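So the structure is just underneath, and the comments pick up after that.
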Amino acid sequence: MRVLGIETSCDETSAAVLDGSGDNAMLRSLVILSQDVHAIFGGVVPEIASRAHLTAIVPVVQRALREAGVDRFDAVAVTNAPGLVGALLVGVSYAKALAFARDVPVIGVHHMEGHLFATALEHPAAVPPFTALLVSGGHTLLLDVEAWGRYRVLGRTRDDAAGEAFDKVAKLLGLPYPGGPHLERLAAANQAAPFRFARPMLRRDQAAGDPDYYDFSFSGLKTAVLNAANGSADLEHDRGPLARAFQDALVETLVEKTGRAIRQFGRARVVLGGGVACNDALVGAMQERFAARGVEVFAPSARLATDNAAMIARAGLFRLERGDRSPLDLNAFATQPLPGLVAA
Ligand code: KG4
Ligand code: ZN
């Protein structure tokens, strides 16, 4: 089956063509147009994002088809939740119209299920069962994935998402938006001392079943960095150590909680996804920590870690092969639970 994937949930307009079946599907093309305009405002402006998607959607889809060297496809997969509603609606409306005109089915895809499938496009072994950590600008989700389509949510953030924490701390340290990559570079060039921040929601006396055993919280860490920055006599000098101390605290929390999930469910693989999975310190710490236990860590390349339509096409293919189809009144939703949830 050949699937055309479309993603417009935030600030990238993306289209991809995927050919094949299940875990043997092959990516024929992937076009990602990032809306750089938001950097001026220090964050994504929803109305501007919607209008930019509107301008970009037709050429982006046409280019994806051209690069794939195809004109026909058997189905259209489109992100319909969660995300910015106005942005999602552009992709959803276009996908439905195109599917109707070509007389092929359309399938709505949950954006986070897309992130779960991204790594498998590059690493054939990144398939269930595995422990998954999805860390993006809007989400922090720790999951046990026993099979595609069967997801147990173990933990999530109670306030800021991991990427959001990176962006906010980067901003208060005077770095450009989006701050994650800038903060990572600054952290890599510095040692944390004399700073050290408490690892949020991480205590030895926590046990499986405690509500905070798997959950995350990053807003207190952000405030701790802010207070340290405000108390600094020489912020120009302390910026680097503060960035490093922040990243160390955040990474250790993510690694520790992921380790708990691996232990509880006895998984031999960890799959990372979302923009923060681009962070080499995070991926390196995971590999170092879990190698001794024989656990393999898989992270997608930067192109597939951040928002893209290839992962939406892949998740859509999974749903289509199961026989799922969306009606032509498919709508867009700002929030929606992940499909296929099993009780925790
Ligand atoms: O998955 P994504 O592209 O978009 C969302 O769905 O949110 O993730 C974007 C997030 C931003 O917060 C960005 O700062 C963060 O991923 N990010 C990073 C790195 N690269 C991107 N965070 C830390 N280190 C990085 N290298
Ligand atoms: Zn995303």
Rounded, prolate or oblate (a/c below 1.5 giving rounded, otherwise prolate when a/b exceeds b/c) for segment 44-110 by Cα gyration tensor: oblate
Surface accessible to a 1.4 Å probe, C10 within the full protein complex, Å²: 40 Å²
Extension gain from D159 to E288, taking 0.36 nm per residue of separation minus the Cα-Cα distance: 43.6 nm
At R0 = 56 Å, FRET efficiency that the Cβ-Cβ distance of S301 and A207 yields, to 0.05: 0.95
Gyration tensor verdict on segment 1-146 (Cα atoms; rounded if a/c is under 1.5, prolate if a/b is larger than b/c, oblate otherwise): oblate
Angstrom value of the Kirkwood radius, inverse mean 1/r, which spans all Cα pairs in segment 104-179: 14.1 Å
Cross-link partners of K171 among lysines (Cα-Cα below 29 Å; sequence separation of 8 or more within a chain): K222, K257
Ranked by how many other beta carbons lie within 10 Å on average, peptides 164-170, 174-180 from highest: 164-170, 174-180
The chain: relative contact order in percent, alpha carbon pairs under 8 Å with at least 6 residues between: 26 percent
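For the chain, just run the numbers: alpha carbon Rg, then divide by 2.2 N^0.38 Å, N being how many residues it has.
So the chain has a normalised radius of gyration of 0.99.
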Nearest-10 value in Å² for the accessible area of L202, using the 1.4 Å probe: 40 Å²
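Calculated from DSSP H runs of 4 or more alone, at -39500 (n - 2.57) each and per residue, what is the 222 nm mean residue ellipticity of the chain, nearest 500?
-13000 deg cm²/dmol
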Placed amide H near V297: partners under 5 Å, 5+ positions off or other chain: V270
Principal axis box of segment 128-299, alpha-carbon based, largest edge first, Å: 51, 29, 28
Gain upon complete extension [V37, Q336; 0.36 nm per residue less C-alpha separation]: 104.9 nm
Choice from H123, H237, H110 showing the highest fluctuation, given a GNM over the chain with Cα pairs closer than 10 Å: H237
Neighbourhood net charge (14 Å Cβ-Cβ; Lys/Arg +1, Asp/Glu -1) for A161: -2
Charge-dipole axis of segment 128-299 as Lys and Arg at +1 and Asp and Glu at -1 on Cβ define it, positive-most pick from H237, A147, V251: A147
Angstrom value of the Kirkwood radius, inverse mean 1/r, which spans all Cα pairs in segment 221-297: 14.0 Å
Accessible area of segment 128-299 belonging to carbon and sulfur atoms, whole % at 1.4 Å probe: 49 percent
Of R51, R203, R102, the one that fluctuates the most in a GNM where the chain has Cα springs shorter than 10 Å: R203
Span from the segment 285-344 Cα centroid across to the segment 156-182 one, whole angstrom: 23 Å
Segment 128-299 - accessible surface per residue (Å², probe 1.4 Å): 42 Å²
Using θ = phi - 60° and Karplus 6.51 cos²θ - 1.76 cosθ + 1.60, couplings along segment 327-344 (whole Hz; Gly, Pro as x): x, 6, 9, 3, 10, 9, 9, 5, 9, 5, x, 4, x, x, 6, 10, 4, 6
Label-point separation in nm, E47 to E321, each point 7 Å along Cα→Cβ: 4.4 nm
Size of electric dipole in segment 128-299: Cβ of Lys, Arg +1 and of Asp, Glu -1, about Cα centre, debye, nearest 20: 380 debye
Residue (of L175, A299, F197) at the positive-pole extreme of the chain, dipole from beta-carbon charges: A299
Max mean-square fluctuation residue, GNM over the chain, Cα-Cα springs under 10 Å, options P46, P181, P194: P194
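I need the calculated FRET efficiency for the pair D280 and A193, taking r as the beta carbon distance and R₀ as 30 Å, to the nearest 0.05.
According to the calculation, E is roughly 0.90.
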Relative contact order (%) - segment 115-160, alpha-carbon pairs under 8 angstrom, separation at least six: 27 percent
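The values are calculated or read from the model by the stated rules, or taken from the named source; none is laboratory data. From a predicted model like this one, the values you see are computed outputs, not experimental measurements. With ideal geometry, Cβ positions are generated from the backbone for all residues, glycine too; neighbour counts draw on all protein chains shown. Just so you know, the surface numbers come from the protein's heavy atoms only, side chains and all, with ligands and any DNA or RNA stripped out. Shrake-Rupley method; radii C 1.70, N 1.55, O 1.52, S 1.80 Å.
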